[in-house]
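Student: Questions regarding the structure given below will be posed in turn.
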Amino acid sequence: MFASGCCAPLVAEPIAEDEAAEVARVFKALGDPIRLRLLSLIGAHESGRAAGEGVCVCELTGAFTVTAPTISHHLKVLREAGLLDHERRGTWVYYWIVPATLKRLTGVLALPEALAADTR
């Protein structure tokens, strides 16, 4: 998803154009309430935090009032952004978070020590 060594905190140094495009794509994926909830549901589930285990899509659809194809679309967007990985098992698909992507996002939003100490 992100280039190797990406990314310094936004307020520590200017972000390069290509890095900005990559990071913006991930934030855009998170900018939808359904996708944000899906990521949260998967991440909050113990199996959703374990690569190769995952949460069955059948466990996710009941939490929403939208159709299963709509949920599938949102999961695809999260996968394409590098936030989720998946595996098909028979007729069901299982999803889990990609911790490296979340870690890189937190790095982008991190405050340098000097700014973090400022309580204004």
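Student: When the stretch 75-93 is examined, which residues are found to be β-branched (Val, Ile, Thr) and farther than 13 Å from Val26 by Cα? It would help to see each step written out before you state the result.
Tutor: Let us first name the residues in the stretch 75-93 that are β-branched (Val, Ile, Thr), namely 77, 91, 93.
Selection gives Thr91, Val93.
Student: Assuming Ala24 fulfils every condition listed in (1) closer than 15 Å to Pro99 by Cα; (2) modelled with pLDDT under 95 apart from one, which condition is it?
Tutor: Only one criterion in (1) closer than 15 Å to Pro99 by Cα; (2) modelled with pLDDT under 95 is unmet by Ala24, namely (1).
Student: Still on this structure, I have one more. Output the residues belonging to the stretch 86-95 that are touching a strand residue (DSSP E or B) at 6+ places or on another chain (Cβ under 6 Å) and of a type outside the set (A, V, I, L, M).
Tutor: Applying the first criterion (touching a strand residue (DSSP E or B) at 6+ places or on another chain (Cβ under 6 Å)) to the stretch 86-95 yields 86-87, 92-95.
Across the stretch 86-95, the qualifying residues are His86, Glu87, Trp92, Tyr94, Tyr95.
Student: Every residue in the stretch 18-71 that is more than 23 Å from Leu105 (Cβ to Cβ) and in contact with a strand residue (DSSP E or B) (Cβ under 9 Å, 6 or more places away or on another chain), please.
Tutor: Correct list: Cys56, Val57, Cys58.
Student: Same structure again: I'd like to check something: does the stretch 45-58 contain any residue that is among the charged types (D, E, K, R), under 30 Å from Ile15 (Cα atoms) and touching a residue at least 60 places away in the same chain (Cβ under 8 Å)? Talk me through it step by step, then tell me what you get.
Tutor: Within the stretch 45-58, the first condition is being among the charged types (D, E, K, R), and the residues that meet it are 46, 49, 53.
With under 30 Å from Ile15 (Cα atoms) added as a condition, the list becomes 49.
Filter once more, keeping what is touching a residue at least 60 places away in the same chain (Cβ under 8 Å): none.
No, there is no match, as no residue in the stretch 45-58 is among the charged types (D, E, K, R), under 30 Å from Ile15 (Cα atoms) and touching a residue at least 60 places away in the same chain (Cβ under 8 Å).
Student: Another one. What number goes with the only condition from (1) closer than 30 Å to Ala20 by Cβ; (2) not in a helix (DSSP H, G or I) that Arg79 does not pass?
Tutor: (2)
The values are calculated or read from the model by the stated rules, or taken from the named source; none is laboratory data. Only a predicted model underlies this, so the values are computations on that prediction, with no experimental measurement involved. Ideal geometry is used to build each Cβ from the backbone, glycine not excepted, and the neighbour counts take in all protein chains shown.
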